[in-house]
Amino acid sequence: MKTKKEQAETQSPSNSETTPETDASAVAAKKPNPVASFFSKIHSSLKNSSKETKQTLAYIGQRLILMLITFVAIFFICFILIRLLPVNADSGMKDPEIFYLNMVAQGRMEKVVDAAGKITYRNIPVFQQLWTFLGNLFTPGNPAPWGYSYKIEWLSSPADVLFKRLPPTVLINIYSMIVSIPLGILLGIYMALKKNKWQDHALSVLVMLFISVPSFVYAFLLQYLFSYVWQVLPAVRADASAGWFSPIMFRSMILPVLSMCFGSIAGFARYTRAELTEVLTSDFMLLARTKGLTRAQATVRHAFRNSLVPIFPMILGEIISVLSGSLIIENIFTVNGVGALFLESIQKRDYDVFQFVAMFYILIGLVGTLVVDVSYGLVDPRIRMGSEK
Amino acid sequence: MAQEMKNTSIASTGENIALSKDLFVRYKDEKDLHDQAFETKPVSYLADCFKRFAKNKASIVAAVIIFLITMYAIIVPLASPRTKVDKVTYPNGYMDNNFSYVLPYNSIFKGTGFWDGTKIETKSENDYQTMLYGDSNHSRFVKLLSTTETRIGPSVVKAYKIRVDTYAIGNKNVKLSPDKFNTLVAYEKDHSIYRAEKSIMKPLVDVESYLTKYRAEIVADGVVSSTADGIIDFMRTYYNQNSNVYFALSAKTSNGSYSQNRFSPILDSSGKPVDIYKRDSGNNLIYEELVSGEYNVRVDYFDYATYRDGFKPYFFFGTNDSGQDIFLRLAKGTQFSLLLGIGISAINFIIGLIWGAMSGYYGGTTDLIMERITDIIANIPSIIILSICSIQFTNNIALKAALGESGIIVLAFLVAFVYSGWVGVASTTRMQFYRFKGQEYVLASRTLGAKDGRLIFKHILPNAIGTLVTSSVLMIPGVIFSESSLSYLGIVNFSTSGLSSIGSLLNEGQAAGLQYYPHVLLFPCIIISLLMISFNLFGNGLRDAFNTSLKGSED
């Protein structure tokens, strides 16, 4: 908890400037947490050089603006592509009449009455639709700027549909993170310490296998063995009526979480091993040993903390991707989360939901990249963000 | 050397000393001194890379596995007898609904219970009895494994755990044209099995007259006529579904009451079932009936299929829902996936190379604009593009007519994967160009008046090509993986196109149900895992081999 707070402070340097320096060092002194003191060091170094802080802020601002521009461009492209898709109101729709009324009200179609008095609806040109959409979006009090879901949940807004599906996805991802990050890092450390011994070789083979083999393969394997052959764990996610944190729900989430973990653990282990082996051979480690530190002291105090620097942004990226979830794992274990919603919206051709979920995915992807990039510079003072040369 | 010595002596003493020539001895007694010629042969860059690659055992194994899978994907569709079946009988390629979901069979393991087309089933007393008797040439019953008895109230219910042969599908009623019927008769006579014990054609069964007789019997026994109708209806369905059953069935249970849906064979005094074959007035068995120009015959289906196709209907990887050979379909699917992977990687490589080269070589504003475009493209997931393409193309009638079902699928994949796939190659190329464009040899060439094209293609690109080729090799498994995940999720619908990919087979396997028919899912999973592992190992091996800085580091 403490580390997160510290990190939040470093991320908003305007706030940190008013905080007295003693505060940060007091925290570090009270609790000799290596990561906390590490952050407090960055903290003070940021404060000491206001030029750097400004540079960092400018960099973050610049990246944010670039991200916004990219997002808007992507949104326009996706909007046009999705609005060009053929609309089939007759299949699986409760009341096509209301659908057409809404389409006309939102400026997406126009009513055409031909000479025989027959009513048909015609698409309005896409760019005109885009203009109307933007107008609607910035008109306060507009009930549904993002349209409605017509096939998944009759006439509810895409945002509501999406938020209803978030809990299972987020839960499964968080469980998988809680298991895989510590395990992966520990495994990586062990491998690095046993470098080129049989333990390292054996684990490397395993890590390589788990990274290469697609996650759905071991999802199938786990489901087959645990649910069908031994019948110890449920094959599909439990009903939400039992509550998100009930034991039944937890039990039914074990298999999807496990299948997501394997790849993730292997990824973290490989990365940690690579980083740590590089740090272990660097000169300052030799210096630490010559100073008289034991191997354990040198490893924990110098090597491990340095090797964590590039791993930390990776963890941050993972935290943000919690929201997006895995399409395949959700499909296999019928988790019915965001991934399932995305698939459902394609299969049922519920375009407004499809557009909303697609933009949600894209936004998460963009924010994730931004946070990872920015945090590289924040955790590692050697990286000067946005510097010219 | 002499000169140097002279100078130092001067320097140390600070005065001029005259040195005579005899003070010096020649180092070697030769007139001219030359550099020594290399005793070893020079090693070219590629040979060196290959040597390093050959040292990496895992990569070699991976290369062999990739080669074997490729051979499987090429040879099986060409050589399998199932591809040569005539187009009239099988317009959509070999499939036989009667062999739906038979298990993998390999003659090496015959009788072992593993990979021999058998599975374990639990049968009730009645089903077990019925299974034991049959006039098929192949018995479904292989081995009785165990019997369990459970007491439910006063009666004891027996359950039999038996190993059954999934290929012994028994006898089926088929309709044959007179031509086909005569050829079958001729075939049977040739092999002297005509109306003999192992004949393909079996005597017809007279179900209807037995059912009439049996109904009268049970009504006489005191069963209400509506209940009797129900029993007879169930029995008729049972006979229709199990063309293997040629004997009289009884619905009477052990405690004297009548069961609606559980039937057991009626045995005669010698313990053999009472047959209900159709007989003519001379009490001879009837084997065929000519009804409206077609012969109704009852055949042992396994032997009939062997006769019809010219090969035994054994399936190495089993079959799917519609009785298609998974071994053949997987080979075709792997072929499609590999071709797609290699083709798309090649296209992406070329586009990425050109884009990255321009962006990296010109730099500045050009680079900035190109990078922004790349940024936008890379951030739209290909799954969104693929879904949009898939819906758009399948609804486009003109396109469908021009390309056909399979053409649309290929086009959708091409657009979705080429659309953003080249971004990785472009950024690698850009980095390489940034690395090399400022080096002295490029400057020298530029000073001598070389044009941009020459600098890019003759000077910079050859230096970067090693890194680029390896990164594009690693792109192939990426494409295969994305393709299989997306077709597994059913975003692209393969069902009506006649095409198959590893992903579409995975989709089929999940539809079949992992619980009941795991073999449909097993083999595509194995192939894709092997492909992923070996392509990754192979790619890593290539990367290390092309990385000159690793030279000698592992010796």
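Here are the numbers:
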{"quantity": "Alpha carbon Rg of segment B:415-470, scaled by the compact-globule rule 2.2 N^0.38 Å", "calculated": "1.32"}
{"quantity": "Counted charge near A:Phe71, where neighbours are those whose Cβ lies closer than 13 Å (Asp, Glu -1; Lys, Arg +1)", "calculated": "+1"}
{"quantity": "Segment B:133-244 shape via C-alpha gyration tensor axes, a/c threshold 1.5", "calculated": "oblate"}
{"quantity": "Estimated distance in nm for a label pair at A:Thr132 and B:Thr227, the labels positioned 7 Å out from Cα along Cα-to-Cβ", "calculated": "6.9 nm"}
{"quantity": "Partner chain coverage, peptide A:213-221 - average Cβ within 10 angstrom", "calculated": "6"}
{"quantity": "Peptide B:385-398, shielding by other chains (average Cβ, 10 Å cutoff)", "calculated": "3"}
{"quantity": "Loop sites in segment A:159-212: trypsin sites (Lys or Arg not before Pro), DSSP, at most 13 other Cβ within 10 Å", "calculated": "A:Lys197"}
{"quantity": "FRET E, pair B:Lys180, A:Ile254, Förster distance 56 Å, beta-carbon r, rounded to 0.05", "calculated": "0.50"}
{"quantity": "Linear extension gain, B:Val219 paired with B:Arg435, 0.36 nm per residue minus alpha-carbon span", "calculated": "68.2 nm"}
{"quantity": "Viscosity 0.692 mPa s, temperature 37 °C, Stokes-Einstein D of segment A:54-118 from Kirkwood C-alpha radius, µm²/s", "calculated": "209 µm²/s"}
{"quantity": "Computed E for A:Lys94/B:Leu68 - FRET, C-beta separation, R0 45 angstrom, nearest 0.05", "calculated": "0.25"}
{"quantity": "Cα-only Debye scattering, segment A:101-191: base-10 log of I(q)/I(0) at q = 0.24 Å⁻¹", "calculated": "-1.17"}
{"quantity": "For segment B:350-378 and segment A:177-234, distance of Cα centres in Å", "calculated": "38 Å"}
{"quantity": "Rg over Rh, two decimals, segment A:124-170 (C-alpha only, Kirkwood Rh)", "calculated": "1.08"}
{"quantity": "Coil-residue GluC sites (Glu not before Pro) of segment A:76-170, DSSP, other Cβ within 10 Å capped at 12", "calculated": "none"}
{"quantity": "Kirkwood Rh, Cα atoms: Rg over Rh of segment B:277-432", "calculated": "1.35"}
{"quantity": "Computed over segment B:233-362, Cα set: Rg, Dmax in Å", "calculated": "29.4, 99"}
{"quantity": "For chain B, the fraction of alpha-carbon pairs in successive 10 Å shells from zero, as %", "calculated": "3, 12, 16, 16, 14, 11, 8, 7, 5, 3, 2, 1, 1, 0, 0"}
{"quantity": "Whether segment B:47-124 is rounded, prolate or oblate, judged on the alpha carbon gyration tensor where a/c under 1.5 counts as rounded", "calculated": "oblate"}
{"quantity": "Amide H partners (placed H, <5 Å) of B:Val205, local residues excluded", "calculated": "B:Lys278"}
{"quantity": "Kirkwood hydrodynamic radius of segment A:82-137, Cα pairs, Å", "calculated": "12.3 Å"}
{"quantity": "Enclosed volume per residue, in Å³, of the convex hull spanned by Cα atoms of segment B:197-236", "calculated": "78 Å³"}
{"quantity": "Modelled FRET efficiency - R0 25 Å, B:Glu15 with B:Asp35, Cβ distances, 0.05 increments", "calculated": "0.10"}
{"quantity": "Stokes-Einstein D in µm²/s, Kirkwood radius over Cα pairs - segment B:297-376 at 4 °C with 1.567 mPa s viscosity", "calculated": "74 µm²/s"}
{"quantity": "Exposure rule at most 12 other beta-carbon atoms within 10 Å, DSSP loop GluC sites (Glu not before Pro): chain B longest free segment", "calculated": "B:198-553"}
{"quantity": "Extension gain (nm, one decimal) between A:Leu287 and A:Phe76, 0.36 nm per residue minus Cα-Cα", "calculated": "70.4 nm"}
{"quantity": "Label-point separation in nm, A:Val113 to B:Glu405, each point 7 Å along Cα→Cβ", "calculated": "4.4 nm"}
{"quantity": "Length-normalised contact order of segment A:60-202 in % [C-alpha pairs under 8 Å, at least 6 apart]", "calculated": "13 percent"}
{"quantity": "Using alpha-carbon coordinates, inclination of helix B:225-241 to the longest axis of chain B, degrees", "calculated": "40 degrees"}
{"quantity": "Ratio of Rg to Rh over segment B:165-231 (Cα coordinates, Kirkwood Rh, two decimals)", "calculated": "1.21"}
{"quantity": "Size of charge dipole - the protein assembly as shown - debye, nearest 20, with Cβ of Lys, Arg +1 and Asp, Glu -1, no other charges", "calculated": "1980 debye"}
{"quantity": "For segment B:451-555, convex hull of alpha carbons as volume per residue, Å³", "calculated": "144 Å³"}
{"quantity": "Helix B:326-362 axis, angle to chain B major axis (alpha carbon atoms, nearest 10°)", "calculated": "30 degrees"}
{"quantity": "Helix B:461-473 vs. chain B, principal-axis angle (Cα, 0 to 90°, nearest 10)", "calculated": "20 degrees"}
{"quantity": "With 5 Å bins from 0: P(r) over segment A:235-389, alpha-carbon pairs, percent", "calculated": "1, 8, 11, 13, 14, 14, 11, 9, 7, 5, 3, 2, 1, 0"}
{"quantity": "Principal axes of segment B:71-206: Cα extent on each, largest first, Å", "calculated": "58, 47, 26"}
{"quantity": "Counting all C-alpha pairs of segment B:366-468, share separated by more than 21 Å (%)", "calculated": "55 percent"}
{"quantity": "Candidates per chymotrypsin sites (Phe, Trp or Tyr not before Pro) in segment A:94-187, loop by DSSP, up to 13 other Cβ within 10 Å", "calculated": "A:Phe138, A:Trp154"}
{"quantity": "Under 14 Å, Cβ to Cβ, from A:Ile152 - net charge with Lys/Arg +1 and Asp/Glu -1", "calculated": "+1"}
{"quantity": "All-pairs Cα distance distribution in the protein assembly as shown, expressed in whole percent, bin size 20 Å", "calculated": "10, 32, 32, 18, 7, 2, 1, 0"}
{"quantity": "Cα Rg, Dmax, segment A:177-264, angstrom units", "calculated": "15.8, 51"}
{"quantity": "Given 10 as the ceiling on other Cβ atoms within 10 Å, longest exposed-site-free region of chain B for trypsin sites (Lys or Arg not before Pro) in DSSP loops", "calculated": "B:88-450"}
{"quantity": "Residue-count net charge about A:Leu166 - beta-carbon cut-off 15 Å; Lys, Arg +1, Asp, Glu -1", "calculated": "-1"}
{"quantity": "Cα extents of segment B:332-385 along the three principal axes, largest first (Å)", "calculated": "48, 24, 8"}
{"quantity": "Under Karplus coefficients 6.51, -1.76 and 1.60, residue-wise ³J(HN,Hα) of segment A:239-248 in Hz, glycine/proline x", "calculated": "5, 6, 5, 6, x, 5, 10, 6, x, 5"}
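Bear in mind that the values in this text are calculations on the coordinates, not laboratory data. It should be emphasised that the depicted structure is a prediction, and the values quoted were computed from it without experimental measurement. With ideal geometry, Cβ positions are generated from the backbone for all residues, glycine too; neighbour counts draw on all protein chains shown.
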